[in-house]
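Below: one structure in structure tokens.
The values are calculated or read from the model by the stated rules, or taken from the named source; none is laboratory data. A quick note: this is a predicted structure, and the numbers were derived from the prediction, not measured. All Cβ positions, even for glycine, are placed from backbone atoms using ideal geometry, and neighbour counts span all protein chains on display. Each accessible area value is taken on the protein alone, full model and side chains, heavy atoms only, with ligands, DNA and RNA left out. Shrake-Rupley method; radii C 1.70, N 1.55, O 1.52, S 1.80 Å.
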Amino acid sequence: MKINDKIILYVDGQMNDVDKANFEKELEGSPELKEQLRRYRQFLEDMKSVNDSALEESYLVEMIPRLRGRAEEKKKLKYIPKLALGTATVSILLIAFVLSFNGRQVVKSSLNNVTSSVTSSGDIQSYTYYSYQLDPNDFSKDEIANFDTTLNTMISQELSLSPQSLNYISADNNTDLKNMLQGLNEKEADDIYNQILHKKIF
Amino acid sequence: MTDTNSDYELVNSFIAGDESAFNRIVMKYQQRIYWHARRMTGNHLDADEIVQEVLLVLYNKLKNFQFKSSLYTWIYKITSTRSINYIKKKNLRQFFSIDDNESVSLKSKEDVVKDIETKEKLDRLEKVLQKLPAKQKEVFILRSFDELSYEEISEITGKSVGGLKANYFHAVKKIMELIKDNEN
């Protein structure tokens, strides 16, 4: 027989007086319904009968001392994550500081090496690579002038330009592009055009 | 249901620095906490773990308790939440096979209920209860064994009374079916 939902409402006290009286009448006439109710009540009684006295006394007596022990243990362990976090943070900061200090020194010294011998394409690649990481404040005026000269030499060698033509390119930033182009003679313009045309850029 | 005035005095004594007041609170509620956790988890070792966790939380948070609810409601709330979280974690561990079968069977053997007849009865009942979903089981235990009203259960679980009644209804129905199947 299917479980009668009314039993649940009846046991849980969710029926009003009329419904309750009707259900009790229904119970009288149905042995199966009575059996369902009996089984469920038995289950509840059994569960309730497994009461506090069933527990070993020693377990209850030991509960507080165990708790105190555990609380002490937790108190000690509480500082370990904080200590670990602090140590990790300090280590990271130290590593970052050392790396940034060494990094600048390496970049600067590498660049000085590049300017002293600019002949191979490997040097040019190094120069290009390091130039992205440069901060102008890291260098003196003399050093910057030295880099400019080096760069000019590199450009003139690459494009096979005369010193005069090079002046148009690297003279100074105030030179107007229009004036610069007007100053080129036809042969120079053709030279530049052909150089660019046959240059493998990438 | 409980002696609220006495709870009030005990908590205030503890806040004032009387550590023995905490011991008296533990002695007063330890069995209820244990049995709630035990019915929720279905074995002694898990229940004991929950009891220790609950008492630790109680010890750490009791100084901030402001009696916005009664102490026993608050304790039930902690126990219930911890039990459900524990069950979820356990299910997850079992899903990923972190808890092997051997440790599960060891858990079922270790117990503080020594009376054989009581233990057998408890085993039978726990088998039925463990087949309920955690939320239904929670409502069923609070309602049938702890004999709390739906309003009190609502305060503990944070659910609406209507929702709780529905959960209880499904729980009882399933239990009745399980009892019937077991007898057949």
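GluC sites (Glu not before Pro), restricted to segment A:6-88: which are DSSP loop and have at most 16 other Cβ atoms within 10 Å?
Here the GluC sites (Glu not before Pro) that fit, given the DSSP loop and packing criteria, are A:56.
At a probe radius of 1.4 Å, figure out the A/B buried accessible area, summed over both chains, and give it in Å² to the nearest 100.
Roughly 4100 Å² of accessible surface disappears when A and B pair.
Percent relative contact order of segment B:4-183, based on C-alpha pairs within less than 8 angstrom and at least six residues apart?
After rounding, I find 22 percent.
Then there is this: Probe of 1.4 angstrom, ligands and nucleic acids ignored: what's the accessible area per residue over segment A:5-51, in square angstrom?
Spelled out: the 1.4 Å probe surface of segment A:5-51, per residue, equals 58 Å².
Between residue B:110 and residue A:39, take the C-beta separation as r, use R0 = 35 Å, and let me know the FRET efficiency to the nearest 0.05.
Efficiency for this residue pair is about 0.70.
Is the C-alpha gyration tensor of segment B:6-78 telling us rounded, prolate or oblate? Criteria: a/c under 1.5 is rounded; beyond that, a/b larger than b/c is prolate, otherwise oblate.
Since a/c reaches 1.5 and a/b is larger than b/c, the shape of segment B:6-78 is classed as prolate.
Roughly how many percent of the accessible protein surface of chain B is carbon and sulfur, given a 1.4 Å probe and a whole-percent answer?
49 percent
How big is D, in µm² s⁻¹, for segment A:5-51 by Stokes-Einstein at 10 °C and 1.306 mPa s if Rh is the Kirkwood radius over C-alpha pairs?
140 µm²/s
Additional query: Using a 7 Å offset from the Cα along the Cα-to-Cβ direction at both residue B:85 and residue B:180, what is the distance between the two label points in nm, to one decimal?
For residue B:85 paired with residue B:180, the spin-label model returns 3.9 nm.
Here's a follow-up. With r as the distance between the Cβ atoms of residue B:97 and residue B:70 and R0 = 45 Å, compute the FRET efficiency 1/(1 + (r/R0)^6) and round to 0.05.
After rounding, the FRET efficiency stands at 0.60.
Ordering A:180, A:47 by how much accessible area each has at a 1.4 Å probe, largest first, what is the list?
Largest accessible area first, the list is A:180, A:47.
Take residue B:12 and residue A:5, extend 7 Å from each Cα along the Cα→Cβ direction, and tell me the distance between the two endpoints in nm.
Result for the modelled spin labels: 5.0 nm.
Return the sequence-ordered ³J(HN,Hα) values of segment B:76-81 in whole Hz as given by the Karplus equation 6.51 cos²θ - 1.76 cosθ + 1.60 applied to θ = phi - 60°, using x for Gly and Pro.
Coupling constants for segment B:76-81: 4, 4, 5, 5, 5, 4 Hz.
I would also like to ask the following. Counting only GluC sites (Glu not before Pro) that sit in a DSSP loop (anything but H, G, I, E, B) with at most 12 other Cβ atoms within 10 Å, what is the longest stretch of chain B containing none of them?
Counting at most 12 other Cβ atoms within 10 Å as exposed, the longest clean stretch of chain B is B:1-109.
While we're looking at this one, here's another question. Straight distance only, please: which lysines reach the Cα of residue B:174 with their own Cα at less than 22 Å, same-chain residues fewer than 8 apart left out?
Straight-distance partners of residue B:174: A:2, A:6, A:34, A:48, B:88, B:121, B:127, B:131, B:135, B:137, B:159, B:165.
How much solvent-accessible surface does residue A:149 expose, in Å² to the nearest 10, with a 1.4 Å probe and all protein chains in place?
Result for residue A:149: roughly 80 Å² accessible.
Would you mind working out the magnitude of the charge dipole of chain B relative to its Cα centre, with +1 at each Lys and Arg C-beta and -1 at each Asp and Glu C-beta, to the nearest 20 Debye?
Roughly 640 debye, rounded to the nearest 20.
Within segment A:1-87, list the trypsin sites (Lys or Arg not before Pro) lying in a DSSP loop whose Cβ has at most 13 other Cβ atoms in a 10 Å radius.
A:2
Where in chain B lies the longest segment free of chymotrypsin sites (Phe, Trp or Tyr not before Pro) that are both loop residues by DSSP (not H, G, I, E, B) and have at most 12 other Cβ atoms within 10 Å?
Longest gap between qualifying sites, sites excluded: B:97-184.
Which value, in debye to the nearest 20, gives the size of the charge dipole of segment A:5-51 about its Cα centre, when Lys and Arg are +1 and Asp and Glu are -1 at the Cβ?
Charge dipole of segment A:5-51: 140 debye, to the nearest 20.
Now for a different question. Do any residues of segment A:19-55 show a loss of at least 40 square angstrom of accessible area between the isolated chain and the full protein assembly, using a 1.4 Å probe, and if so which?
A:39, A:40, A:43, A:46, A:47, A:48, A:50, A:52, A:54, A:55
How about segment B:33-81: which trypsin sites (Lys or Arg not before Pro) there are in a DSSP loop, with at most 11 other Cβ atoms within 10 Å of their Cβ?
Here the sparse-neighbourhood loop sites are B:68.
Helix B:4-15 versus the longest principal axis of chain B: what is the Cα-based angle in degrees, 0 to 90, to the nearest 10?
Approximately 70 degrees, to the nearest 10.
Would chain B count as rounded, prolate or oblate if I go by the C-alpha gyration tensor, calling it rounded below 1.5 in a/c and otherwise prolate when a/b exceeds b/c, oblate otherwise?
Prolate, because a/c is 1.5 or more and a/b exceeds b/c.
So what does residue B:149 come to for accessible area, using a 1.4 Å probe and Å² rounded to 10?
For residue B:149, solvent-accessible area is about 40 Å².
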